[in-house]
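A.B. asks: Mind having a look at this structure? Questions to follow.
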Amino acid sequence: LAGKSWQARPLLAGSAAVSGEPRPILNPADRADQVGSVIEADLAQVDHALAQAAAYAEAWHRTPSAERAAMLLRAADLLEANRAGLFSLCIREAGKTWVNAVAEVREAVDFCRYYGQQRLTGDFQNTEAPGPVVCISPWNFPLAIFIGEVSAALAVGSPVLAKPAEQTPLIAGLAVELLHQAGIPLAALQFLPGRGETVGAALTADARVHGVVFTGSTEGAQRINQSI
């Protein structure tokens with residue numbers, strides 16, 4: 001997989017056209033190595049995704065706990081089964097060493113199994129639909145923290161709008177595709193790659209969003225705190 005070219009684009013529920021100019025993603029350790037490309041979400045796609053998530057919130061919350069848990073446990077298995085591609089992206093897109101790439105995948109798998117088991121044991125008791133949640137993850141843990149945020153929100157019954165760090169959209173895009181393969185509906189997990197000042201700002205300022213899960217800089221957190 002060393003020379004594979006990866007692509008990522010918005011993954012939206014409903015009939016939404018995705019188009020745009022692909023942005024190249026380069027290996028931070030070897031700028032001659034183009035890892036792939038990403039089409040970033042525009043504001044119309046963000047609005048569409050928010051509407052879809054809000055409309056699906058009650059249905060996702062009503063999905064039996066055992067079903068949501070089973071999806072997360074299947075996602076853990078799929079992450080392990082696709083570890084070669086995930087290792088490669090951790091190294092080429094995020095600049096990680098082999099040892100750190102292995103640890104990154106292991107932690108992502110652990111998150112899916114942990115929140116799946118928590119859901120099975122009934123530790124999350126929320127009687128009202130918590131509503132759509134925005135998950136914004138950092139570049140330095142582009143898989144582990146991304147999956148940790150997303151799996152926690154899905155486990156408690158929130159539809160997720162996932163916005164990865166703009167530097168590492170490819171590994172997040174692959175992770176979302178695997179979660180969909182595990183059975184998580186597209187309306188429960190939509191993927192919106194893009195920049196914090198555009199996509200992130202539009203998501204966190206929208207009244208349809210009931211929560212934000214963020215890992216990143218203090219400056220970024222302060223901006224989000226001012227906009228929500």
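The values are calculated or read from the model by the stated rules, or taken from the named source; none is laboratory data. These numbers come from a predicted model, not from an experiment. Methodologically, a virtual Cβ is constructed for each residue, glycine included, from the backbone with ideal geometry; neighbour enumeration extends over all protein chains shown. We work out accessible area using only protein heavy atoms, side chains counted, and drop any ligands, DNA or RNA first. Shrake-Rupley method; radii C 1.70, N 1.55, O 1.52, S 1.80 Å.
A.B. asks: Taking H as built 1.01 Å from N, whose amide H comes closer than 5 Å to the amide H of ARG9, not counting residues under 5 places away?
C.D. replies: Sorted by chain and number, the residues that satisfy this are ILE39.
A.B. asks: Then there is this: Explain nothing, just compute: Karplus ³J(HN,Hα) = 6.51 cos²θ - 1.76 cosθ + 1.60, θ = phi - 60°, for every residue of segment 197-214 in order, whole Hz, x for Gly and Pro.
C.D. replies: In residue order, the calculated couplings are 6, 10, 5, x, 5, 5, 5, 6, 8, 7, 5, 6, 7, 9, x, 10, 10, 10 Hz.
A.B. asks: For segment 72-195, what % of the accessible area comes from carbon and sulfur atoms, probe 1.4 Å?
C.D. replies: Ligands and nucleic acids excluded, carbon and sulfur give 54 percent.
A.B. asks: Now, a different point. Under a crude label model (7 Å from the Cα following the beta-carbon direction), how far is THR218 from ALA51 in nanometres?
C.D. replies: Placing both labels 7 Å beyond Cα along the Cβ direction yields 4.1 nm.
A.B. asks: With a Förster radius of 41 Å, plug the Cβ-Cβ distance of GLU58 and THR198 into 1/(1 + (r/R0)^6) and report the FRET value to the nearest 0.05.
C.D. replies: Values: r = 29 Å, r/R0 = 0.71.
Efficiency, from the Cβ-Cβ distance: 0.90.
A.B. asks: Mean separation of Cα pairs under 8 Å and 6+ residues apart, divided by the residue count of the chain: what relative contact order is that in percent?
C.D. replies: It comes to 26 percent, rounded to a whole number.
A.B. asks: Another question, then. Would you kindly derive the ³J(HN,Hα) couplings of segment 147-160 from the backbone phi angles with the Karplus curve 6.51 cos²θ - 1.76 cosθ + 1.60 (θ = phi - 60°), listing them in order in whole Hz, with x for Gly and Pro?
C.D. replies: 5, x, 5, 5, 5, 5, 5, 5, 4, 8, x, 9, x, 10
A.B. asks: Here is a further query. In terms of modelled amide H atoms, which long-range or inter-chain residues lie less than 5 Å from the amide H of VAL35?
C.D. replies: Counting only residues 5 or more places away or on other chains, the set is ILE25, LEU26, ASN27.
A.B. asks: May I ask you to evaluate 6.51 cos²θ - 1.76 cosθ + 1.60, the Karplus curve with θ = phi - 60°, for each residue of segment 51-62 and list the ³J(HN,Hα) values in order in whole Hz, giving x for glycine and proline?
C.D. replies: 5, 5, 5, 4, 5, 9, 4, 5, 5, 5, 5, 7
A.B. asks: Something else about it: If we count every other residue with Cβ under 10 angstrom of VAL46's Cβ, Lys/Arg +1 and Asp/Glu -1, where does the sum land? Write down the numbers at each step before the final one.
C.D. replies: Details: positive: LYS163; negative: ASP42, ASP47, ASP206.
Summing Lys/Arg as +1 and Asp/Glu as -1 gives -2.
A.B. asks: Looking at the chain only, what percent of DSSP beta bridges run antiparallel? Nearest 5 please. Present the calculation step by step, with values, prior to reporting the outcome.
C.D. replies: Details: 6 of 20 bridges.
Roughly 30 percent of the beta bridges in the chain run antiparallel, per DSSP.
A.B. asks: In Å², what does the accessible area per residue of segment 136-211 work out to with a 1.4 Å probe? Intermediate results must be reported in sequence, preceding the final value.
C.D. replies: On the way: 1950 Å² over 76 residues.
I get 26 Å² per residue for segment 136-211.
A.B. asks: Further, regarding this structure: State the extension gain, in nm to one decimal, for the chain segment bounded by ALA207 and VAL18, taking 0.36 nm per residue of separation less the distance between their alpha-carbons.
C.D. replies: Details: separation 189, 0.36 × 189 = 68.04 nm, distance 2.41 nm.
Additional length available on full extension: 65.6 nm.
A.B. asks: Another question, if that's okay. Identify which of GLY116, GLY148, GLY20 has the largest mean-square fluctuation in a Gaussian network model of the chain, with springs joining Cα atoms closer than 10 Å.
C.D. replies: Comparing GLY116, GLY148, GLY20 in the GNM, the peak value goes to GLY20.
A.B. asks: What share of the DSSP beta bridges in segment 1-54 is antiparallel, in percent to the nearest 5?
C.D. replies: Details: 5 of 8 bridges.
The antiparallel fraction comes to roughly 60 percent.
A.B. asks: Want the number for ASP77 to ASP30: 0.36 nm per residue separation, take away the alpha-carbon distance, what's left?
C.D. replies: On the way: separation 47, 0.36 × 47 = 16.92 nm, distance 3.14 nm.
Value of the extension gain: 13.8 nm.
A.B. asks: What percent do you get for the relative contact order of segment 11-70 when only Cα pairs under 8 Å and 6+ apart count?
C.D. replies: Working: 39 pairs, mean separation 17.6, N = 60.
That works out to 29 percent.
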